[in-house]
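Contents: one structure, followed by commentary.
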Amino acid sequence: MKVQTARAVRTLVAAGCVSLLSVAGVARAADSKQPIVIPTHNWSSQVVMAYVIGGMFESMGNNVEYVSADSQAVYESIRTGDVTISHEVWQSTFGKSFLTAMEKGGVIDAGTHTATTLEEMGVPNWVIEQDLCPGLPNWEALKDCHENFTTPDSDGKGRWLEGPQSWHGDLMPVRLEALGLADKWTVKFAGSADALWTELAAAKKEGRGTIVFNWTPNFTDADGFTFIEFPEYTDGCRVEDGGDGSCGSPKGWLKKAANEKFPKTHPAAYAAFEALDFTTEQIGQMAALVDTDKMDHKDAAAKWLADNEDVWAPWTKQ
Amino acid sequence: MMELLRERKYLQFLLLIVIFILMCKLIPATEGNWLWRLPSLLAQFPTFIYESVTFLMEDWWLIDVYDPDINEYEQKPLVREITRSIAAAVLFMIELVREIMLGGVKTIVAFTSWDYVSDNEWAELPGLPWTVVTGGVAILGYHLGGIKLALFAGLSFVYIAVFGQWEPSMQTLSFVLIAAPMAILIGLLLGIWGYKSKTVANILDPILNVAQIMPHFAYLIPVVVFFSIGDHAGAVATIIYATPPMVRLTMLGLKKVPPEVTEAGRMSGCTDWQLMRRVLIPTARRDILIGVNQVIMQCLAMVVIASLIGAKGLGSNLLIALNGLRIGLALEIGVCIVLIALVLDKLSLAWANKPTDYFADQSFKQRHKHSLWFLGVFVVGVLLAWIGSFQFKEGFNYLNVIPHNKGITTEPFWQWGVDKIWDTFFYPLNEFNKWFIVEVLAPVKKAYLAMPVAATFTLAMGTAFIVGGIRSALIVGGYLLFIALTEWWDRALITAYLMTMAVLIAGAIGIVVGTLCAQHSTTSRMLLTWCDTLQTFPSFIYLIPVMMLFGVTDTSVLIAVVVYATIPAARYTVVGLNSVPASLHDAATMSGVNRIQRFLSIELPMSFPHLALGINQTVVFALAMVVIGALIGTDDLGQLILGSLSDREGVGTGLILGFCVAFIGLAIDQILRTWANQRKAALGIPD
């Protein structure tokens, strides 16, 4: 009996110590040494930014790991904690996946970049320079220049090359209809971003007009790209919000997402991630290091970090 | 009249086609007409799958798990904990191999913790210098297959290193070195089980069918849900894709073992295990080796797709290169993938074919001379790397690892070639493209979409009935019914249209090329090597040049599909023509037929069963590629499968869409296989 009491007391004391220690641990709030998992997708600015953010975390003493992932499928992984963050959540392309994952629980919104995004139909600058559609970028110009934009499969109409249908559904066909352009223009859905860039390159070589879906900031900015100015976006102008759909795209946000446990496991790193905020120019710089200067993604990130310490260092000292 | 109809199959076909055309003309295309389109009764099925999986992975059987990082207990579902531990085990093995090649801390972390590694700078595996790995592969090649293999393996690895793809290549290699043996082992075990038990074989058969034809994109999301994202998820998807041929060929090989051999084994007093290990498997070696070859090819073919769910290495680099339209760089990466595939394939074949010398009485030095050589290479390599660390003070130690994209590059050369092709061929091709789309593709597509569902069923089931009787007809009908009851019948028709066009073109090219090459043993061999190479060459690469030439159109999709789907057609043609017995040739020559007569009335009919199977494989390859072609831009099932990657209920939609594609393939498989088997029986060719 006595022996047992003694053991019980000992256990209690030990338990007390352990809990004290762990309370101390929480109070100190140091970041866990578990690696922060950063996803890399298949476009340069995102990959460079992943290494930039990783480098920033590493400078704070954290461990970082990179995992290549599909840009749509990644939100499910953030939700379950297999990936920790996503640093480029584009409103109209990934907004749906992101909000869906948030709704299911497990993903938190870690703030918004200063950089605003625009995702819209547009033309490469040389289309305007060659005057293939006089009056652009005003959309009314589209009313009488569709002959310069036909392709074999477009049935004599001008072709808009839109991104994959999973990006915005029937937004563009509806817009054509609403603007009264449907008898002169038709929408073709590309299968991937690669298809859009190939179309840009191919149309340039052929000297044929092309209207493609594109966004900024993007590496195509370097070659010159002009977005078409449609009637301005207003709340409720889209069909799903009760409008007729005859409006352009809104300026979109560029958000950061994180797994909900990230603030608890890595409080300091999370604070830095929340403070982190890139502008359009900075994202453009990162992309240009790879796309224009042909640097390796990791080298580009190292160079950017070295050149811009005054930008990112304050974020780490939250 | 009825008598005649019963006997002559072509008359039956004629009748069938007349009925089919009448139905197309007579059935009105109106909403709600069940003869035109069936109602989508299965529309809720994807949601149901999604909800079941979510329940299983998130709410079923919660257990408390302690999370030391946030110092809290968390409720976690049991199933997910189990799948995640499997994932962790696979990941550990991959990381171990990877860190032997490249260095890293994860292996040590597995035994200690991240805290430990962060506190102790020295706790890191150093990784082998590339010289040592390359030397090791060459010695292994020499040990297994002599000087030729040694040179091939060594030079391939030198190529990889010099072109600055060492790091991603070793990441890919480490992934394949775990995924391939696992697929081989699982395949072997399932195959043996299927051989031993008829029931298992019957259950396995449909599962293997579906796993082989299902487009890989369709099970990416389910794999991510069960196993999360990373190299292990890539490995799981690869294993699903690579195992079926291994199972098939193991069962086939074991079945072919003559009963005399088994009995001889029994009489010598073998236990079951000894019988399997010492008698059956060695006897069935030839087929099992083809299985191993297929597994390795499939694993490397999956590298790019696996990178979509987190496999590191060449695959993700390739996707990034393509996104920037850097075709030259992508080609270099593609060549690395092919080289790794060829080296692994040749090494594994040499290993399996190496005769065991039972009588040699060798000294320690003789037996271990290759290990001793490797030791030498190791010491020299490490010494060189050490010296290199002084030589290349700033920047990179080229004797340890040639850093990524800092080797020699031939990118400008390839880019120049691509540009050249563009400049030369663009305009004539553009004319052809316009004609092809307006005159051929668009009308065919329209015709497919104008088919009433009843007519499609009549045509498919009728063909199956004429070829294989009522059983075949019911099986084919079942597959089609599933697709017709989903909401994607029209999309499936577009997939079928692309597939039919591709199979017609690829089949024609493949059979012609195969026939020409089969006339001589050297050209036959060359063609088969080409087939292996093209099969592992990542098909993503030619999407871009094709799109440059033909735009974002169905022509581009079709050409990409044809390039890939021609491989099996050519391969089976060569194999079929070469398998015509020499005695038949002699007999024919003696009866005085000339070469063309011999080909038309002897070789061709004799190899019809092989050709049918070749076309069957062409269908499978075409379906797989149609989905990848969706990256160019189609409006078929493939596009929806790509879309399901971002869909909230993607698990369900992805799987059901995958089944739809698989069932198109299986319906055709049913007809072609039945027919091939009948022909085989009629010609007296053994299975």
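The values are calculated or read from the model by the stated rules, or taken from the named source; none is laboratory data. Every value quoted in this text rests on a predicted model; they were computed, and no experiment measured them. Please note: Cβ atoms are built from the backbone with ideal geometry, for glycine as well, and neighbour counts cover all protein chains shown. Heads up: the accessible areas ignore ligands, DNA and RNA and are worked out on the full protein's heavy atoms, side chains in. Shrake-Rupley method; radii C 1.70, N 1.55, O 1.52, S 1.80 Å.
Quick grid of which residues meet (1) open to solvent by less than 10 Å² (accessible area, probe 1.4 Å); (2) touching a residue at least 40 places away in the same chain (Cβ under 8 Å); (3) under 20 Å from B:M625 (Cα atoms):
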| residue | (1), (2), (3) |
| --- | --- |
| B:R286 | no, no, no |
| B:G291 | yes, yes, no |
| B:V303 | yes, yes, yes |
| B:L308 | no, yes, yes |
| B:A311 | yes, yes, no |
| B:R326 | no, yes, no |
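Taking the stretch B:297-336 as the range and being away from chain A (no Cβ under 11 Å) and outside any helix (DSSP H, G or I) as the test, only B:M302 passes. Residues of the stretch B:159-189 that are open to solvent by 50 Å² or more (accessible area, probe 1.4 Å) and among the aliphatic types (A, V, I, L, M): B:L177, B:M182, B:L185, B:I186, B:L189.
Considering the stretch A:68-186, the qualifying strands (runs of 3 or more DSSP E), each wholly inside and each with 3 or more residues that are away from chain B (no Cβ under 12 Å) and under 30 Å from B:V53 (Cα atoms), run over A:85-90, A:107-112. Search the stretch A:188-215 for residues being open to solvent by 20 Å² or more (accessible area, probe 1.4 Å) and over 24 Å from the mean Cα position of the chain (by Cα), and hand back the single one that is farthest from B:N430 (Cα to Cα). Among those that are open to solvent by 20 Å² or more (accessible area, probe 1.4 Å) and over 24 Å from the mean Cα position of the chain (by Cα), it is A:K204. One residue is enough: does the stretch B:119-127 have a residue meeting the conditions part of a helix (DSSP H, G or I) and either touching a residue at least 40 places away in the same chain (Cβ under 8 Å) or in contact with a helix residue (DSSP H, G or I) (Cβ under 8 Å, 6 or more places away or on another chain) (or both)? No.
Could you go through the stretch B:21-41 and let me know if any residue there is closer than 30 Å to B:V224 by Cβ and either touching a helix residue (DSSP H, G or I) at 6+ places or on another chain (Cβ under 9 Å) or buried (at least 16 other Cβ atoms within 10 Å of the Cβ) (or both). Within the stretch B:21-41, one or more residues are closer than 30 Å to B:V224 by Cβ and either touching a helix residue (DSSP H, G or I) at 6+ places or on another chain (Cβ under 9 Å) or buried (at least 16 other Cβ atoms within 10 Å of the Cβ) (or both). Screening A:Q72 with (1) more than 15 Å from the chain's Cα centre (by Cα); (2) under 19 Å from B:L308 (Cβ atoms); (3) open to solvent by 10 Å² or more (accessible area, probe 1.4 Å) gives one miss only, at (1).
Yes or no, residue by residue, for (1) at pLDDT 95 or above; (2) assigned to a helix (DSSP H, G or I); (3) over 20 Å from the mean Cα position of the chain (by Cα); (4) not assigned by TED's automatic domain parsing to the domain that holds A:S92:
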{"residue": "A:A258", "(1), (2), (3), (4)": "yes, no, no, no"}
{"residue": "A:P263", "(1), (2), (3), (4)": "no, yes, yes, no"}
{"residue": "A:A268", "(1), (2), (3), (4)": "no, yes, yes, no"}
{"residue": "A:E281", "(1), (2), (3), (4)": "no, yes, no, no"}
{"residue": "A:K294", "(1), (2), (3), (4)": "no, no, yes, no"}
{"residue": "A:D299", "(1), (2), (3), (4)": "no, yes, yes, no"}
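Across the stretch B:400-429, the qualifying residues are those that are touching a residue at least 60 places away in the same chain (Cβ under 8 Å) and among the polar types (S, T, N, Q), and the one among them that is nearest to B:T131 (Cα to Cα) is B:N400.
Identify all residues within the stretch A:192-208 that are more than 7 Å from chain B (Cβ to nearest Cβ) and hydrophobic (A, V, I, L, M, F, W, C); write none if there are none. Within the stretch A:192-208, A:L196, A:L200, A:A203 qualify. Taking the stated definitions as given, is B:S348 crowded, with 24+ Cβ neighbours inside 10 Å, within 27 Å of B:F152 (Cβ to Cβ) and either within 14 Å of chain A (Cβ to nearest Cβ) or small (G, A, S) (or both)? Judged against the criteria, B:S348 is not a match. Quick one: A:D244 ticks every box in (1) surrounded by fewer than 19 Cβ atoms within 10 Å (Cβ to Cβ); (2) assigned to a loop (DSSP other than H, G, I, E, B); (3) in contact with a strand residue (DSSP E or B) (Cβ under 6 Å, 6 or more places away or on another chain) bar one, so which box is it? Tallying (1) surrounded by fewer than 19 Cβ atoms within 10 Å (Cβ to Cβ); (2) assigned to a loop (DSSP other than H, G, I, E, B); (3) in contact with a strand residue (DSSP E or B) (Cβ under 6 Å, 6 or more places away or on another chain), A:D244 fails exactly one: (3).
Looking at the stretch B:66-79, which of the residues that are touching a helix residue (DSSP H, G or I) at 6+ places or on another chain (Cβ under 7 Å) and at pLDDT 80 or above is least open to solvent (accessible area, probe 1.4 Å)? So the residue we want is B:P77.
Determine whether the stretch B:657-673 contains at least one residue that is farther than 20 Å from B:P244 by Cβ, in contact (Cβ under 8 Å) with a residue 40 or more places away in the chain and away from chain A (no Cβ under 14 Å). Scanning the stretch B:657-673 turns up at least one residue that is farther than 20 Å from B:P244 by Cβ, in contact (Cβ under 8 Å) with a residue 40 or more places away in the chain and away from chain A (no Cβ under 14 Å).
Pairing each residue of the stretch A:265-293 that is polar (S, T, N, Q) and open to solvent by less than 30 Å² (accessible area, probe 1.4 Å) with any residue that is outside any helix (DSSP H, G or I) and modelled with pLDDT of 85 or more, provided the two are 6+ apart or on different chains, yields C-beta distances under 7 Å for A:T265/A:S32; A:T265/A:Q34. Scoring A:T226 on the criteria (1) assigned by TED's automatic domain parsing to the domain that holds A:F149; (2) part of a loop (DSSP other than H, G, I, E, B); (3) at pLDDT 85 or above leaves a single failure, condition (2).
At least 2 residues that are open to solvent by 40 Å² or more (accessible area, probe 1.4 Å), aliphatic (A, V, I, L, M) and within 30 Å of B:N33 (Cα to Cα) in each: list the helices (runs of 4 or more DSSP H) lying fully within the stretch B:448-566 that qualify. Walk me through it before giving the result.
Details: elements: B:453-485, B:489-518, B:521-536, B:540-550.
By residue number, B:453-485.
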